[in-house]
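Structure first, commentary second.
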Amino acid sequence: MTQPAGVVGRDGVTVNVVLPGRVATQRVTYFDEQKAKREGKSVEDVSAASPASIPLDRYGDPQEYADVVAFMASSRASYLTGWLIRIDGGLIAIV
């Protein structure tokens with residue numbers, strides 16, 4: 001099977017995927033609130049503990065995600081295609 005990047009590359013189209021981790025958004029806040037409710041904990045405790053599983057020990061900033069997406073959509077990334085780009089603070093270990 002031919003990969004999408006290989007099919008459309010000759011037409012000047014690049015195919016990349018950006019995979020976000022835990023980015024500090026309203027949705028992440030909602031998930032923390034739901035987890036706190038389920039576990040009978042305070043939202044502050046859950047929000048403080050969640051980043052502990054992330055090697056950079058924090059949630060990503062939305063601007064950090066936006067910067068990568070902007071780069072991938074720019075002409076500076078015109079030779080990159082067929083990539084999965086994780087923006088997750090190292091949560092998913094790649095060996």
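Values quoted throughout were computed directly from the atomic coordinates according to the rules given, and no laboratory measurement underlies them. Keep in mind that this is a model prediction, so the values were computed, not measured. Because the Cβ atoms are built from the backbone with ideal geometry, glycine has one as well, and the counts that use them run over all protein chains shown.
Computed quantities for the displayed model
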{"read-out": "Residue in the range 35-56 that is surrounded by fewer than 13 Cβ atoms within 10 Å (Cβ to Cβ), in contact (Cβ under 8 Å) with a residue 60 or more places away in the chain and polar (S, T, N, Q) present", "value": "no"}
{"read-out": "Unique residue being loosely packed, with under 14 Cβ neighbours inside 10 Å, within 14 Å of the chain's Cα centre (by Cα) and within 30 Å of residue 6 (Cα to Cα) when the list is 90, 21", "value": "90"}
{"read-out": "Tabulated pairs, the range 62-90, first in contact (Cβ under 8 Å) with a residue 24 or more places away in the chain, second hydrophobic (A, V, I, L, M, F, W, C) and assigned to a helix (DSSP H, G or I), C-beta under 6 angstrom, 6+ apart or interchain", "value": "77/71; 81/5; 82/5; 87/68"}
